[in-house]
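Only one structure is covered here, and it is reproduced in the block below.
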Amino acid sequence: MGHEVLMSVELGHVFVANVNDGKLIDLRIEPVGSDNQDVGRIYLAKVARVVPRLQAAFVNIGENSDGFLGAREARTLLIDADRDTPIEDCVHDGDTVLVQVNRPADGDKGPQLTADISLPGRYAVLTPCRTKVSVSRSIEDDKERQRLIELAETVRDRLGIEGMDGLAGWVLRTAAEGVDNELLEKDMEMIAGIWTDILDKGDDNDPPCLLHQDLGGIERGLRDFIRPDTASVTIQGDAAFRMARSYCQKVMPQAEALIKQGESGEILFDRYDINGTIDKALNPRVDLPSGGWITIETTEAMTTIDVNSGSHSDPALAINLEAVAEIANQIPLRAVGGLIAIDFIDMSDEADGKKIEESLLAAFKDDRVPVRIGQMSNFGVIEMTRKRDRLSLLKSLPTGYFDDPDGEDD
């Protein structure tokens with residue numbers, strides 16, 4: 001079966017499913033249209049209030065609530081800042097700043113902002129606050145990495161996009177592997193043009209002002225989810241299908257042949273029981289093959305995961321390793337972010353704890369967002385953090401998604 005992408009538009013939302021060998025590995029749900037996409041927006045904004053005790057600033061972006069700019073995300077504004085530079089050295093009340101949304105608003109919490117702007121294309125990402133040209137760690141071939149770096153440096157010199165301290169940096173994405181030079185150059189040129197337009201718009205307007213918003217759900221799904229080994233992209237709905245074909249023709253013509261339209265009357269997400277997988281991911285309890293289970297519970301502060309053996313006598317290490325594999329499936333699928341604490345079954349051998357740590361690191365090696373994993377404590381708990389770049393699965397699902405079409409709940 002290989003890798004597939006399934007897209008469907010329902011209840012005013014775009015659903016993009018990332019499927020590998022018939023198994024749902026990631027799901028993106030967002031309102032139709034780029035106007036409703038928060039993450040990736042770039043604003044010319046004004047600092048409303050610096051709060052040293054929080055090591056953060058509240059920033060007026062012209063929306064219903066101020067954005068939250070933490071010290072770590074603000075340090076990019078100072079060329080000589082280090083990890084200990086306080087927020088009050090980075091920004092001051094009334095400052096005009098260029099910021100980007102990296103986490104959407106959630107309830108009464110405003111969006112989280114960063115001054116470390118990134119502008120993604122299909123194959124490359126412009127990082128104007130940095131100077132380095134780098135390549136995705138997922139590209140392991142040394143010759144290919146060198147080819148991409150040399151090409152990007154050549155194009156960067158020609159484009160001459162200025163950053164904070166010299167020419168702006170670039171990152172070559174995983175999708176750039178094996179792509180010919182002409183396509184890569186066109187992608188970088190397109191991104192550079194967008195950045196120039198952003199700066200020009202910023203010069204012509206006063207804060208707060210929206211300068212840029214990312215693509216809509218269909219285009220972003222194509223840009224971010226299609227891989228070199230993708231076998232097909234199936235799209236439900238005439239308008240969405242036409243939009244996808246048009247985007248591929250303009251930006252990624254080599255992928256146009258992958259685009260297929262779902263059959264009329266087909267419920268696309270019944271393939272591979274995707275809807276069943278989504279339904280199970282809304283349940284705190286997930287059963288393990290051994291007969292044990294994990295319980296996943298999220299609060300405002302953090303997510304806790306408890307590993308249970310039940311009445312089964314399998315060795316604790318074996319059940320814990322099963323749990324690691326399932327946790328690595330569930331966390332991306334549920335779009336869990338922030339602080340996560342995993343309480344494993346007690347193990348008497350310290351070496352077994354190291355095996356769990358190594359297994360967890362390996363399981364999250366290819367996660368699409370940054371993950372940091374700590375060591376196991378004396379109490380059998382591992383703490384980890386995962387960047388929260390979107391709302392959780394539960395909060396993303398539109399109301400009535402699992403309602404019966406005749407009006408009765410399943």
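Read-outs: derived from the displayed coordinates by stated rules, not from any lab. Values in this document were obtained by computation on a predicted structure and should not be read as measured data. Cβ: placed from backbone, ideal geometry, glycine included. Neighbour counts: every protein chain shown.
Name the residues whose placed amide hydrogens come within less than 5 Å of the amide hydrogen of Leu211, ignoring near sequence neighbours (fewer than 5 apart) on the same chain.
Close amide H contacts, sequence-distant or interchain: Ile42, Tyr43, Leu44.
Could you work out the relative contact order of region 282-393, using alpha carbon pairs under 8 angstrom and six or more residues apart, expressed as a whole percent? Can you show the working numbers first?
Working: 189 pairs, mean separation 28.3, N = 112.
Once normalised by length, the contact order is 25 percent.
Name all residues of region 18-33 having a backbone nitrogen under 17 Å from the label point set 7 Å from the Cα of Tyr401 along its Cα→Cβ direction, giving them as ranges.
18-19, 24-33
Which residue, Asp229, Asp38, Asp204, has the most motion in a Gaussian network model of the chain that connects Cα atoms within less than 10 Å?
Asp204
Using 1/(1 + (r/R0)^6) with R0 = 30 angstrom and r between the beta carbons of Asp366 and Glu150, what's the FRET efficiency to the nearest 0.05?
0.70
By how many nm would the segment from Gln55 to Thr385 lengthen if fully extended, with 0.36 nm per residue of separation less the alpha-carbon distance?
Numbers: separation 330, 0.36 × 330 = 118.80 nm, distance 1.91 nm.
The span from Gln55 to Thr385 would gain 116.9 nm if fully extended.
Would you compute, from DSSP H runs of 4+ residues alone, the mean residue ellipticity of the chain at 222 nm, taking -39500 (n - 2.57) per run and dividing by the full residue count, rounded to the nearest 500? Provide the component values of the computation, followed by the final result.
Working: 10 runs with 117 residues, N = 410.
Result for the chain, helices only: -9000 deg cm²/dmol.
Sticking with the crude label model, points 7 Å out along Cα→Cβ, report the distance from Leu339 to Arg245 in nm, one decimal please.
5.2 nm
Hey, can you rank 149-156, 314-321, 89-96 by average C-beta count inside 10 Å, highest first?
Ranking, from highest mean packing down: 314-321, 149-156, 89-96.
Quick check: residue separation of His92 and Ser136 times 0.36 nm, minus the Cα distance between them. What number comes out in nm?
Values: separation 44, 0.36 × 44 = 15.84 nm, distance 3.50 nm.
Roughly 12.3 nm would be gained on extension.
Step through the table entries Lys109/Lys387; Lys132/Lys250; Lys280/Lys395, compare each Cα-Cα distance with 22 Å, and write down the pairs that go over it. Could you put the intermediate results ahead of the total?
Details: Lys109/Lys387 16 Å; Lys132/Lys250 28 Å; Lys280/Lys395 15 Å.
From the list (Lys109/Lys387; Lys132/Lys250; Lys280/Lys395), the Cα-Cα distance tops 22 Å for Lys132/Lys250.
Cβ neighbours within 10 Å, averaged per peptide: list 22-29, 77-84, 323-330 in order, most packed at the top.
Numbers: 22-29: 18.1, 77-84: 11.1, 323-330: 20.5.
The packing order, highest mean first, is 323-330, 22-29, 77-84.
Which distance in Å, rounded to a whole number, links the C-alpha centroids of region 318-356 and region 189-251?
Value for the Cα centre distance between the two parts: 36 Å.
With an 8 Å cut-off on Cα pairs and a minimum separation of 6 or more residues, tell me the relative contact order of the chain in percent. Please report the intermediate quantities before stating the final value.
Values: 780 pairs, mean separation 62.5, N = 410.
Result for the chain is 15 percent.
Given points 7 Å out from each Cα along the Cα-Cβ axis, report the Glu266 to Lys109 separation in nanometres with one decimal.
3.9 nm
What ³J(HN,Hα) values, in whole Hz, does the Karplus curve 6.51 cos²θ - 1.76 cosθ + 1.60 give for region 114-122 when θ = phi - 60°, with x put for Gly and Pro?
Whole-Hz 3J(HN,Hα) from phi for region 114-122: 9, 8, 8, 5, 9, 10, x, x, 5.
Excluding Asn60 itself, calculate the net charge of residues whose Cβ lies under 13 Å from the Cβ of Asn60, where each Lys or Arg counts +1 and each Asp or Glu counts -1. Could you put the intermediate results ahead of the total?
Numbers: positive: Lys46, Arg49; negative: Glu63, Asp66, Asp93, Asp95, Asp206.
Combined, the nearby Lys, Arg, Asp and Glu give -3.
Expressed as a rounded percentage, what relative contact order does region 1-114 have, with Cα pairs under 8 Å and six or more residues apart?
Values: 226 pairs, mean separation 24.8, N = 114.
Once normalised by length, the contact order is 22 percent.
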